[in-house]
Amino acid sequence: MNFELTEERQMLQDSLRRYLAGAEGDIWAGLAELGVIGALFSEEQGGFGGAGFDLAVVFEELGRADLTIPLIDNALLPGLLMAAGGLDVEGLIGGAQRLALAHGETAARYDLNWVETRAEGDRLTGEKTVVVGAEDADSLIVSARHFGAACDEQGIGLWLVAKDAPGLQIRGYDIAQGGRAAEVSLTDVEAKPLIAEAGSELAKAFAAATLAEMAQCLGAMDICVAMTQEYLTTRKQFGRPIGTFQALTHRLVDVVVAVEQARSMVILAAGHLEAEAKTRDLHIAAAKNLFGRSGRLASEECIQMHGGIGMTEEYALGRYAKRITMSDHRFGDTDHHLERFIQLGAA
């Protein structure tokens with residue numbers, strides 16, 4: 001099997017890497033102008049990409065950059081759901097519009113079906129947590145239950161809520177991996193229906209978001225390894241580079257192997273993103289489980305091999321390591337996806 005990028009994806013990767021290396025000003029507008037947001041969506045949705053490997057190329061490059069860009073939360077996730085609801089995503093692709101998905105709830109953990117927010121007609125009441133980019137969004141896509149118990153698969157719908165809707169409260173805060181999120185409260189908020197039964201569409205969108213998160217983490221892991229290799233060749237003890245010490249060489253090799261395993265899992269997940277639901281979710285769960293373990297090894301070992309300098313706020317390695325660590329907790333952690341893989345395999 002040929003794993004090389006197509007010519008179009010190679011051009012996208014090269015252009016995005018060059019842009020991010022010297023990005024200044026309004027980066028979101030720059031990404032839209034470069035066509036990066038359009039690469040996240042298929043031609044039917046209004047873009048020119050949308051396949052698993054398109055997402056992998058874009059988000060791996062974003063992960064390599066020392067920038068915090070919430071493209072998953074303010075473009076990919078809400079854009080896929082908008083398109084599934086039959087709405088035009090042209091404004092999103094062009095950079096003129098930003099959206100945020102308010103789905104997570106305090107008691108849900110990683111269960112996509114856990115929705116306690118209620119819909120009475122087109123009025124929503126409930127609480128949403130860790131809504132990344134909510135403060136910068138023009139409007140929110142909110143999940144709510146119009147019938148059934150909190151954990152039922154059926155009865156979950158999606159609504160569009162204007163940013164200035166009466167009864168909507170957004171309380172923002174900084175998050176550990178960089179950027180901002182918010183707690184969102186809705187009290188009898190007027191909303192516009194988007195999708196009446198959204199369970200399958202949410203699962204499909206979150207599968208794409210999980211792939212994007214893994215690719216982003218892979219890019220950060222690549223940079224950590226490169227920084228560590230450079231450090232081991234320049235830092236000297238006893239008159240020679242510490243990278244020549246066998247113990248450190250073996251530790252670095254372990255990290256490189258872990259990163260290459262993670263790269264293989266991104267390829268596996270990207271290749272199955274368009275498969276039927278069970279197959280898609282099985283491969284996403286397998287990949288995310290390995291990523292949690294590989295990411296932890298890579299970040300911890302790279303920090304250890306740098307010594308104290310690796311923990312300083314001014315040194316980029318610490319920021320990358322923090323993002324890798326937090327990545328395990330986005331869209332399901334290692335344990336969650338191990339359990340999910342077992343359940344799907346036994347079904």
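Going by Cα centres, the stretch 302-341 and the stretch 179-224 are how many Å apart?
Between the Cα centres of the stretch 302-341 and the stretch 179-224 lies a distance of 20 Å.
Going by a 4.7 Å Cβ-Cβ cut-off, which cysteines of the chain have no partner at all?
Lone cysteines by the Cβ rule: Cys151, Cys217.
Could you order the peptides 165-171, 281-287, 115-121 from most to least packed, using the average number of other C-beta atoms within 10 Å per residue? Please report the intermediate quantities before stating the final value.
Numbers: 165-171: 14.6, 281-287: 22.9, 115-121: 18.1.
Final packing ranking: 281-287, 115-121, 165-171.
Based on the mean of other Cβ atoms within 10 Å per residue, sort peptides 186-196, 325-335 so the most packed one is first.
On the way: 186-196: 17.6, 325-335: 19.2.
Highest mean packing first, the order is 325-335, 186-196.
Hey, can you rank 92-98, 29-35 by average C-beta count inside 10 Å, highest first? Can you show the working numbers first?
On the way: 92-98: 19.3, 29-35: 16.4.
The most tightly packed comes first, giving 92-98, 29-35.
Is any helix in the chain, taking whole DSSP H runs, at least 30 angstrom long along its axis by alpha carbon and on average at least -0.5 on the Kyte-Doolittle scale, and which ones?
On the way: long enough: 199-234 (52 Å, 0.64); 246-271 (38 Å, 0.92); 277-306 (42 Å, -0.39).
Membrane-span-like by this rule: 199-234, 246-271, 277-306.
Starting from the Cα coordinates of the chain, work out the convex hull volume and express it per residue in Å³.
Working: hull volume 49.7 nm³, N = 347.
Given the Cα convex hull of the chain, per-residue volume reads 143 Å³.
Keeping the other protein chains in place, figure out the carbon and sulfur percent of the accessible area of the chain, with a 1.4 Å probe. Write out the running numbers ahead of the final one.
Details: 8400 of 16000 Å².
Of all accessible area on the chain, carbon and sulfur atoms account for 53 percent.
When ligands, DNA and RNA are left out and all protein chains stay put, how many square angstrom of accessible area per residue does the chain have with a 1.4 Å probe?
Values: 16000 Å² over 347 residues.
Accessible area per residue, the chain: 46 Å².
The values are calculated or read from the model by the stated rules, or taken from the named source; none is laboratory data. This one's a predicted model, so the numbers in the text were calculated from it and none came from an experiment. Positions of Cβ are backbone-derived with ideal geometry, glycine not excepted, and every protein chain shown enters the neighbour counts. Protein only, heavy atoms only, side chains kept; ligands, DNA and RNA dropped before computing areas. Shrake-Rupley method; radii C 1.70, N 1.55, O 1.52, S 1.80 Å.
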